Amino acid sequence: MDKIVINGGKHLNGEVFISGAKNAVLPIMTACIIEPGKYTLNNVPDLRDTRTMGRLIEMIGGSAQFHKNSMQINTVNCDKPVAPYELVKTMRASFYVLGPFMSRYNYAEVSLPGGCAWGPRPVDFHLKALESMGATISLERGNLISKGKLHGAEIDFEKVSVGATGNTLMAAVKADGITVINNAACEPDITDLVDFLVKLGGNIEGRDTTQLTIYGNSQLKGGFEYDIIPDRIEAGTFLIGVALTGGEVTLRNVNPKHLEIVISKLKDVGVNIQYDSDSITISSSGNINPVDMTTGAYPGFPTDLQAQWMALMCLASGNSTVIDEIYHDRFTHMAELSRFGAKLHLVDNIASINGIKNFYGAPVMSTDIRASASLILAAMAAEGSSEISRIYHIDRGYENIEMKLQGLGADIKRTQA
Ligand code: UD1
């Protein structure tokens, strides 16, 4: 199994190109199923997860092929609305086929996702929304079977859910009548999905807000080219990395509007940040002020940057807290950060961090995509060498991470154990 080996202590300097957004492209790939057609998606990150979603499209009778960072998807011959356990267990986002399957076939067979490293992660909101739109759902040998012609409904999510908002949008776009989603997620990934669905012929009001109204339209027109937004989580990871190691880096192909809260918090940390419409330059002396942070639904601080932020706060010149309001159990990185010398303490979903002067290199193990990113950042700031194992997690969500970091001057390489 591959490992990443890092000799810490180097500043990051130079320019890095940010890839397309994983969490935007995955639902958009499934949205290509709604209406048969040949689609070209541009700015698609070449990741384990985008390849897994491509495999799922192939398993149901379509094709999905990468040409550099464009993906050609043909859903004309898709005829088997089934997402098996083997795929869903490796990538929860496969659950995004539920809405598209119901839209196109009035039928879906999708394995029920289990828990994950950071808690139970239920899908009850997705199912309740579909049921209120007329679906009949049963569970057979771990697979959800959903049937029925969908109609519009008013849906109130008790909590903001990116996945349930996306699935409901894709289910509603062709349903009979009007669907209203209250307390909808307005993450940029959802707005990107709304834009894709509108290009498909969908009639959707409330873009970028917490109330989405979808006027069902059975006359959609599939088959077109679409550009995916840049990945704000990858961008945020690089920004936090520079704040940790010191240096000056310009990020290209970013949308600073998607990172307002992250930029504002980093300014409180003491770094210098400047940006225009599609680039951000950060410079840091490596001095880190302690700044408390609580995650929240967009435009709040993303839970997907919580682990990286915690690594940063470990080297702050004082004490801070990190609270995760989205996933109360998303703290597996704490035990690994402790191996670098971090002083951390967890009560419920509140982590207290006592800032220390230095991390010291150590062998550590990644537990999920973003936890791996936080360990890479910490190892780059550490004295001495570190080995990060189970690195396949990072390949799910970061394109060419070690090459991008090498380009900025980091001493990082991938080895085979
Ligand atoms: C998406 C992202 C993930 C990110 C998360 C929160 C993708 C592929 N993944 O995951 O990277 O960390 O948003 O920003 O885009 N919940 C329920 N019942 C449900 C659905 C959700 O209780 O049916 C709860 C969850 O347990 C969690 C909260 O709602 O506490 C938000 O989860 P949600 O936004 O749905 O996360 P995902 O869409 O799975």
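When you scan the range 225-245, do you find a residue that is under 26 Å from Ala64 (Cα atoms) and over 18 Å from the mean Cα position of the chain (by Cα), even just one?
Among the residues of the range 225-245, at least one is under 26 Å from Ala64 (Cα atoms) and over 18 Å from the mean Cα position of the chain (by Cα), which makes the answer yes.
Take the conditions under 22 Å from Glu35 (Cβ atoms) and modelled with pLDDT of 95 or more and apply them to Ile155. Does it pass? Full working, then the answer.
On the way: under 22 Å from Glu35 (Cβ atoms): no; modelled with pLDDT of 95 or more: yes.
In short, no.
Just the residues that are under 26 Å from the mean Cα position of the chain (by Cα), buried (at least 22 other Cβ atoms within 10 Å of the Cβ) and more than 22 Å from Pro302 (Cα to Cα), please, taken from the range 343-378.
Val364
Among the numbered criteria (1) touching a helix residue (DSSP H, G or I) at 6+ places or on another chain (Cβ under 7 Å); (2) crowded, with 24+ Cβ neighbours inside 10 Å, which single criterion is violated by Cys32?
Every condition holds for Cys32 apart from (1).
Which of the residues spanning the range 324-370 are in contact with a Cys (Cβ under 9 Å, 6 or more places away or on another chain) and within 16 Å of the ligand (Cβ to nearest atom)?
Asp368
Exactly one of (1) closer than 21 Å to Leu169 by Cα; (2) part of a helix (DSSP H, G or I) is unmet by Arg55. Its number?
With (1) closer than 21 Å to Leu169 by Cα; (2) part of a helix (DSSP H, G or I) applied to Arg55, the lone miss is (1).
Check the range 325-335 and report whether any residue there is of a type outside the set (Ser, Thr, Tyr), part of a helix (DSSP H, G or I) and crowded, with 16+ Cβ neighbours inside 10 Å. Before the answer, list the steps.
Going residue by residue through the range 325-335, those that are of a type outside the set (Ser, Thr, Tyr) are 325-326, 328-331, 333-335.
Now narrow it down to the ones that are part of a helix (DSSP H, G or I): 333-335.
Among the residues that remain, those that are also crowded, with 16+ Cβ neighbours inside 10 Å are: 333-334.
For the range 325-335, residues of a type outside the set (Ser, Thr, Tyr), part of a helix (DSSP H, G or I) and crowded, with 16+ Cβ neighbours inside 10 Å: present.
Do you know which residues across the range 327-342 are hydrophobic (A, V, I, L, M, F, W, C) and without any contact (Cβ under 8 Å) to a residue 60 or more places away in the chain?
Those that are hydrophobic (A, V, I, L, M, F, W, C) and without any contact (Cβ under 8 Å) to a residue 60 or more places away in the chain: Met334, Ala335, Leu337, Phe340, Ala342.
Return a yes/no flag: does the range 384-393 have any residue that is over 20 Å from Val262 (Cα atoms), surrounded by 19 or more Cβ atoms within 10 Å (Cβ to Cβ) and within 16 Å of the ligand (Cβ to nearest atom).
yes
Restricting attention to helices (runs of 4 or more DSSP H) lying wholly within the range 78-161, give those where 3 or more residues are within 16 Å of the ligand (Cβ to nearest atom). Steps first, please.
Details: elements: 85-88, 98-105, 124-132.
Once the helices (runs of 4 or more DSSP H) in the range 78-161 are filtered for at least 3 residues that are within 16 Å of the ligand (Cβ to nearest atom), what remains is 98-105, 124-132.
Quickly run through the range 248-298 and pick out the residues that are part of a loop (DSSP other than H, G, I, E, B) and in contact (Cβ under 8 Å) with a residue 60 or more places away in the chain.
Within the range 248-298, Asn253, Val254, Asn255, Gly286, Ile288, Pro290, Ala297, Tyr298 meet the criteria.
Residues being hydroxyl-bearing (Ser, Thr, Tyr) and either modelled with pLDDT under 95 or closer than 29 Å to Ala410 by Cβ (or both): count how many of those fall in the range 1-54.
Residues in the range 1-54 being hydroxyl-bearing (Ser, Thr, Tyr) and either modelled with pLDDT under 95 or closer than 29 Å to Ala410 by Cβ (or both): 3 in total.
So which of Ala175, Ala184 is more than 18 Å from Ala21 (Cα to Cα), over 14 Å from the mean Cα position of the chain (by Cα) and within 16 Å of the ligand (Cβ to nearest atom)? Can you show your working first?
Details: Ala175 fails: within 16 Å of the ligand (Cβ to nearest atom).
Going through Ala175, Ala184 in turn, just one is more than 18 Å from Ala21 (Cα to Cα), over 14 Å from the mean Cα position of the chain (by Cα) and within 16 Å of the ligand (Cβ to nearest atom): Ala184.
Could you give every pair whose Cβ atoms fall below 6 Å, whose first residue belongs to the range 122-134 and is without any contact (Cβ under 8 Å) to a residue 40 or more places away in the chain and within 11 Å of Asn167 (Cβ to Cβ), and whose second residue is part of a helix (DSSP H, G or I) and within 11 Å of the ligand (Cβ to nearest atom), counting only separations of at least 6 or pairs across chains?
Hits for this filter: Phe125/Ala164.
Restricting to the range 337-369, count the residues that are over 25 Å from Asn287 (Cβ atoms), of a type outside the set (A, V, I, L, M, F, W, C) and touching a helix residue (DSSP H, G or I) at 6+ places or on another chain (Cβ under 9 Å).
Final tally of qualifying residues: 4.
How many residues are assigned to a strand (DSSP E or B) and more than 16 Å from the chain's Cα centre (by Cα) if we restrict to the range 299-324?
Residues meeting the conditions: 5.
The values are calculated or read from the model by the stated rules, or taken from the named source; none is laboratory data. Fair warning: this is a prediction, and the values are worked out from it, not measured in the lab. Backbone-built Cβ (ideal geometry, glycine too); neighbour counts: all protein chains shown.
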